[in-house]
Amino acid sequence: MPVRRCASSGPTGGWTGRRPPNPIQANRQPGAAGYLRRPGETAFSPFVLVVLRYEDGGLAEMAAFEQPSMFTAFGLPDSAT
């Protein structure tokens, strides 16, 4: 499954609005940064970093980090429009 589609699905904890995730790399592994928009707001806020690990040609592990403070370590903005 493409990183973009995989990272944009799943529960949102009451947040609304989606935007395409930003591709990232962590420890030389592909991943995505997901932003969601809170009800009544126009900007998207950091929500989750997803890192994929492939082994033997297939997806072996998907780790999700719901720590918006980590976004700056990846050079990502703290909000998006």
State whether the residues of segment 72-79 include one that is modelled with pLDDT of 90 or more, hydrophobic (A, V, I, L, M, F, W, C) and part of a helix (DSSP H, G or I). yes
Quick one: GLY14 ticks every box in (1) at pLDDT below 90; (2) not in a loop (DSSP other than H, G, I, E, B) bar one, so which box is it? (2)
Of all residues being touching a residue at least 24 places away in the same chain (Cβ under 8 Å) and part of a loop (DSSP other than H, G, I, E, B) in segment 28-52, which is surrounded by the most Cβ atoms within 10 Å (Cβ to Cβ)? Just the residue, please. ALA43
Just name the residue that is modelled with the lowest pLDDT out of those in segment 17-27 that are surrounded by 12 or more Cβ atoms within 10 Å (Cβ to Cβ) and not in a strand (DSSP E or B). ARG19
Close pairs (7 angstrom Cβ cut-off, 6 or more residues apart or separate chains): in contact (Cβ under 8 Å) with a residue 24 or more places away in the chain in segment 53-80, of a type in the set (D, E, K, R) and not in a strand (DSSP E or B) anywhere: PHE71/ASP78; ALA80/ARG19
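The values are calculated or read from the model by the stated rules, or taken from the named source; none is laboratory data. As the structure is a prediction and not an experimental result, all values here were calculated from the model. A quick note on method: Cβ atoms are made from the backbone with ideal geometry, for glycine too, and the neighbour counts reach across all protein chains shown.
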